[in-house]
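What follows is a short report on a single structure.
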Amino acid sequence: MEALLITFSKWLASTEFSHTIQSVTWIIPTLQTIHILCVAIVFSSAVLVNLRIFRLFERDQPLGAVTRRFLSPIWPVLLILLLTGSLLIIGEPRRSLVNTTFYIKMSLLLIAIVLTALLQRTVLASPGFFEKRQTAIRALATVSILVWSGILFAGRWIAYTQAG
Amino acid sequence: MSLFQQLIAFFEDSSIADAIRENDLLFPLIESVHVVAICLVVGSILVLDLRLLGFASLDRPVGRLTSAVLPLTWSAFIVAACSGFLLFMSHATKYLANGYFITKMALIGAAGLNMIVFHAVAARDLPKWEARRLPPPRVRVAGALSVLLWIAVVACGRWIGFTMEELQ
């Protein structure tokens, strides 16, 4: 499997598109800057909604209204993250594709997406559902923030665990 | 040696700075905390800026939104500043010689100044316009300036990593 990934990374790195990303010095830092700014939007939105769940943010607003304001914009921003992330992989395939940290990050991302979608759907579809289930929703909020933080940590760690 | 240089040397030669340099895990760990904190600072300030620009949270009065968001912004800023200072300590001389680092500090100063000016001047008659969906032009200018400054702060932060080889 690893040999296959190395071969694929080599091929990807040899494409003309990858060469452009590698050789124009400002492209990678610019993509990373856009990527981090989008991470800031998604992470802060998730944190604010979870603070609302703990009644530490906009207590005077119903959870549904806060969720609609902050969780709905997450999805288009995630698309930009996917795009900038893909371009970064094309530019430096080995950095992530042959790197366990990258796969940990992607697994955590999958969990975060499921948890966030679950929270958003439930809160918006049946506003009363979590009223009597405060422990459940607080557990969901805590796990969700831990997973999002894990994604940010893993993201930074990719730079330190890349293969030679 | 000037007092400033002595101070820098004091931090850079400290055992804490030494530990951050020597330990393989400490630097990336502090860096990760720094990234999480910066994301919260920038993300939460963006919530306010988008409101000032008349783009989002339009049903929330500006004053109320500000007092709801700022506790998160300031807590995150304290964590970002402390973790940032620890990173700085470990390679102080190299950071001070890096143009992007100096620019980043200046931009954070400018963002702070923009906030102070906004609170002192633009927000003096806050009750008059805070419920309006589209705030007056001077308020929107402050919001736009803040967005641009913080984007530039993040960009400089990323560029530091590319201009200081040994830090990745």
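In table form, for the structure just shown:
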{"read-out": "Cα gyration tensor category, rounded, prolate or oblate, for the protein assembly as shown with a/c compared to 1.5", "value": "oblate"}
{"read-out": "Å² per residue, accessible surface of the protein assembly as shown at 1.4 Å", "value": "51"}
{"read-out": "Selection from A:Ala46, A:Leu109, A:Leu83, by position along the positive dipole direction of the stretch A:2-161 (Cβ)", "value": "A:Ala46"}
{"read-out": "Gap separating the Cα centres of the stretch A:85-117 and the stretch B:114-168, nearest whole Å", "value": "31"}
{"read-out": "Interface A:B - total buried accessible surface [probe 1.4 Å, Å², rounded to 100]", "value": "2700"}
{"read-out": "Nearest-10 value in Å² for the accessible area of B:Tyr95, using the 1.4 Å probe", "value": "20"}
{"read-out": "Under the Karplus curve 6.51 cos²θ - 1.76 cosθ + 1.60, θ = phi - 60°, whole-Hz ³J(HN,Hα) for the stretch A:4-17, x wherever Gly or Pro sits", "value": "5, 5, 5, 4, 4, 4, 4, 4, 4, 5, 8, 6, 5, 4"}
{"read-out": "Estimated FRET transfer efficiency when R0 is 45 angstrom, pair B:Arg64-A:Ala3 (beta carbons, to 0.05)", "value": "0.20"}
{"read-out": "Computed over chain B: relative contact order in percent, which uses C-alpha pairs under 8 Å that are six or more apart", "value": "30"}
{"read-out": "In Hz, Karplus ³J(HN,Hα) per residue of the stretch B:138-147 (6.51, -1.76, 1.60; θ = phi - 60°; x = Gly, Pro)", "value": "4, 6, 5, 4, 4, x, 5, 4, 4, 4"}
{"read-out": "Rounded percent of accessible protein surface that carbon and sulfur make up, the stretch A:2-161, 1.4 Å probe", "value": "71"}
{"read-out": "Residues losing 40 Å² or more accessible surface upon assembly, the stretch A:26-43, compared with the chain by itself, 1.4 Å", "value": "A:Pro29, A:Gln32, A:Thr33, A:Ile36, A:Leu37, A:Ala40, A:Phe43"}
{"read-out": "FRET efficiency estimate (nearest 0.05) - Cβ-Cβ, B:Ser15 to A:Phe129, R0 56 angstrom", "value": "0.60"}
{"read-out": "Rounded to whole Hz, the Karplus (6.51, -1.76, 1.60) HN-Hα couplings of the stretch B:52-60, x for glycine and proline", "value": "5, 7, x, 9, 8, 6, 5, 7, 9"}
{"read-out": "R0 of 35 Å, Cβ-Cβ distance B:Met1-B:Ala110: FRET efficiency to nearest 0.05", "value": "0.70"}
{"read-out": "Exposure rank, largest accessible area first [B:Met105, A:Met1, B:Met89; 1.4 Å]", "value": "A:Met1, B:Met105, B:Met89"}
{"read-out": "Gain on full stretching of the segment that runs from B:Leu148 to B:Cys82 - 0.36 nm per residue minus C-alpha separation", "value": "21.4 nm"}
{"read-out": "Reduction of at least 10 Å² in accessible surface, 1.4 Å probe, comparing all protein chains with the chain by itself, residues of the stretch A:130-155", "value": "A:Leu152, A:Phe153"}
{"read-out": "Spacing of the two label points (7 Å from each Cα toward its C-beta) at A:Val114 and A:Val77, in nm", "value": "2.3"}
{"read-out": "Projected label distance in nm at A:Leu146 and A:Tyr103, using a 7 Å step from Cα toward the beta-carbon", "value": "2.3"}
{"read-out": "Set of lysines near A:Lys105 by C-alpha distance (under 29 Å), chain-local residues within fewer than 8 positions excluded", "value": "A:Lys10, B:Lys104"}
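The values are calculated or read from the model by the stated rules, or taken from the named source; none is laboratory data. The structure displayed is predicted, hence computed values, not measured ones. Cβ coordinates were reconstructed from backbone atoms using ideal geometry, including for glycine residues, and neighbour counts include every protein chain displayed. The area values use the complete protein model at the heavy-atom level, side chains included, leaving out ligands, DNA and RNA. Shrake-Rupley method; radii C 1.70, N 1.55, O 1.52, S 1.80 Å.
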